[in-house]
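The values are calculated or read from the model by the stated rules, or taken from the named source; none is laboratory data. This structure is a prediction, so every number in the text was calculated from the model and none was measured. With ideal geometry, Cβ positions are generated from the backbone for all residues, glycine too; neighbour counts draw on all protein chains shown. For accessibility, only protein heavy atoms count, side chains too; no ligands or nucleic acids. Shrake-Rupley method; radii C 1.70, N 1.55, O 1.52, S 1.80 Å.
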Amino acid sequence: MAEVAKLELNGKTYELPVVVGTEGQIGLDISRFYKESGAVMLDDGYGNTASCKSAITYIDGDKGILRYRGIPIEQLAEKSTFVETAWLVIWGRLPTPEEAAHFSEQLTLNAAIHEDLRHHYEGFPTGAPPMAILSAMINALSCYHGDYLSIDEESKLEAAAARLISQVRTLAAASYRKSIGAPMNYPRRNFKYCENFLHMMFSNPYDDYIPDPVVARALNLFLILHADHEQNCSTSTVRMVASSGANLFTSCASGVSALWGPLHGGANVAVIEMLKHIGESGMRPKEFLEKVKNKENHIRLMGFGHRVYKNFDPRSKILRQAANDVLAKLHKNDELLDIAQELSELALRDDYFVERKLYPNVDFYSGTLLRAIGIPVDMFTVLFAIGRIPGWIAHWRENHSNPHSKINRPRQIYIGKTENDYVPRDKR
Ligand code: CMC
């Protein structure tokens, strides 16, 4: 492999060092190019920009490979739990039994939010979107955990991470209870991570929710599959905010805001709305695909396509199988899953999608799995956020512990007006 690439501009040759990743990925280091040439690189939407070196998650979008810390997602989906996967993603290896027990105890001890935080919910109207509440409430953690606003040692980060991973689920369940005007539930010591979340979502003062192991396992799986996905929009947002030195809580709150959009985490809601629209309008999936292909009103086949995967998203394969299995175990049918399967089969044979390498992504089947286990649609993107918290923490840690990290500050190519004079108001 050459050590430098050469770039010619205005008759001068510049040398760009070649950087090779552990999986053979090639990059060109352009960090000195501006200083040497005065020119910037233009890359709308960062489709070809590596914003950092990272050791957390590996994706091969052409082959449909996803690994956290080197471990294939298929193995984690089959053998791990969300709590163990969270530890792996943040700390870089699987925990020993003692480390796992310690972390689990920390999650249990930190599950309850400060009692005063509960009063914040009174400021939100009933019916407020749970993602808006979640982002605000994660930010509010900064006001209650002043000890963690500056983290200078790993043990402090471990405590802050346990607090955030544990409390995000309490805050999320409380957001849902608020959104439907129901009383909030306290976490219980005897429940594991997913069971506790389901209890806080669905128990009522007069009626305890007894978590079904099939439902809890499906939720575990969903969260494992969402734990990290390298430099996506929300994670890049977290790293961008973290690069200014912002604390862990506020950096992750910004990730929730980025995740909310329909082209990112909000796609899991958009998929269900699309499937419902097709079902209720009586339209055939084939007719809907024609509209997509004709770009009528800019509609897209939601849950299809990905910036990185130009092959099957491995998470969508696992989720499709899981949705089918869970529905069978719970003796349920979902006509939306039938519509999704028909749409997918047609799209995968259609030139429009084949030529553009558009395959089902994680959001195509995740909504049907969440519906099967009784999660309300408004909470789908919130569930994505709970799953992604370990990834955001891991990226925050990677950024924070890198002695060479700099404040993120992209450049631009200015295309506005050239200099012109201020016109007094009476002359305009
Ligand atoms: N349906 C129809 N056409 C599509 C779709 C789609 N879902 N996705 C991309 N295209 C077309 C697009 O119109 C363009 O066509 P043309 O070459 O004729 O202009 C071509 O494919 C390339 O699209 P792009 O927008 O340049 O691709 P991108 O890499 O910028 O966008 C994406 C990636 C995920 C935003 C996009 O595929 C999309 O909008 N998908 C639907 C929304 C969705 O499912 N989002 C979840 C993404 S995965 C989870 C996550 O990251 O949160």
Of the candidates Leu346, Leu337, the one satisfying the condition of being away from the ligand (no atom under 16 Å from the Cβ), in contact (Cβ under 8 Å) with a residue 24 or more places away in the chain and either open to solvent by less than 50 Å² (accessible area, probe 1.4 Å) or not β-branched (Val, Ile, Thr) (or both) is Leu337
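Based on this model, can you work out whether Val308 counts as surrounded by fewer than 19 Cβ atoms within 10 Å (Cβ to Cβ) and free of Cβ contacts under 8 Å to residues at least 60 places away in the same chain?
Working: surrounded by fewer than 19 Cβ atoms within 10 Å (Cβ to Cβ): yes; free of Cβ contacts under 8 Å to residues at least 60 places away in the same chain: no.
No, not satisfied.
Yes/no per residue for (1) over 17 Å from Met379 (Cβ atoms); (2) open to solvent by 10 Å² or more (accessible area, probe 1.4 Å); (3) aromatic (Phe, Trp, Tyr):
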site	(1), (2), (3)
Trp260	no, yes, yes
Ile272	no, no, no
His277	yes, yes, no
Arg284	yes, yes, no
Asn294	yes, yes, no
His298	yes, yes, no
Scanning region 101-131 for residues that are assigned to a helix (DSSP H, G or I), aliphatic (A, V, I, L, M) and open to solvent by less than 40 Å² (accessible area, probe 1.4 Å) gives Leu107, Leu117, Met131
The number of residues in region 160-193 that are open to solvent by less than 20 Å² (accessible area, probe 1.4 Å), touching a residue at least 60 places away in the same chain (Cβ under 8 Å) and aliphatic (A, V, I, L, M) is 7
Of the residues in region 194-209, those that are open to solvent by less than 30 Å² (accessible area, probe 1.4 Å) and more than 25 Å from the chain's Cα centre (by Cα) number 1
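Take the conditions among the small types (Gly, Ala, Ser) and at pLDDT below 95 and apply them to Gly27. Does it pass?
Answer is no for this residue.
Can you find a residue in region 142-150 that is touching a residue at least 40 places away in the same chain (Cβ under 8 Å), outside any loop (DSSP other than H, G, I, E, B) and surrounded by 14 or more Cβ atoms within 10 Å (Cβ to Cβ)? Break it down stepwise before answering.
Filtering region 142-150 down to residues touching a residue at least 40 places away in the same chain (Cβ under 8 Å) leaves 142, 145, 148-150.
With outside any loop (DSSP other than H, G, I, E, B) added as a condition, the list becomes 142, 148.
Next cut, surrounded by 14 or more Cβ atoms within 10 Å (Cβ to Cβ) only: 142, 148.
Yes: one or more hits.
Here's the yes/no breakdown for (1) open to solvent by 20 Å² or more (accessible area, probe 1.4 Å); (2) within 16 Å of the ligand (Cβ to nearest atom); (3) part of a loop (DSSP other than H, G, I, E, B); (4) of a type in the set (Lys, Arg):
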position	(1), (2), (3), (4)
Pro211	yes, no, yes, no
Val214	yes, no, no, no
Arg217	yes, no, no, yes
Leu223	no, yes, no, no
Ala227	no, yes, yes, no
Glu230	yes, yes, yes, no
Ser236	yes, yes, no, no
Met240	yes, no, no, no
Phe249	no, no, no, no
query = Within region 284-294, is there a residue that is within 17 Å of His226 (Cβ to Cβ), within 14 Å of the ligand (Cβ to nearest atom) and assigned to a helix (DSSP H, G or I)?
reply = no
Contact list, first residue from region 398-418 and closer than 17 Å to Gly38 by Cα, second anywhere and open to solvent by less than 100 Å² (accessible area, probe 1.4 Å) and modelled with pLDDT of 95 or more, beta-carbon distance below 6 Å, six or more apart or interchain, is Arg411/Val40
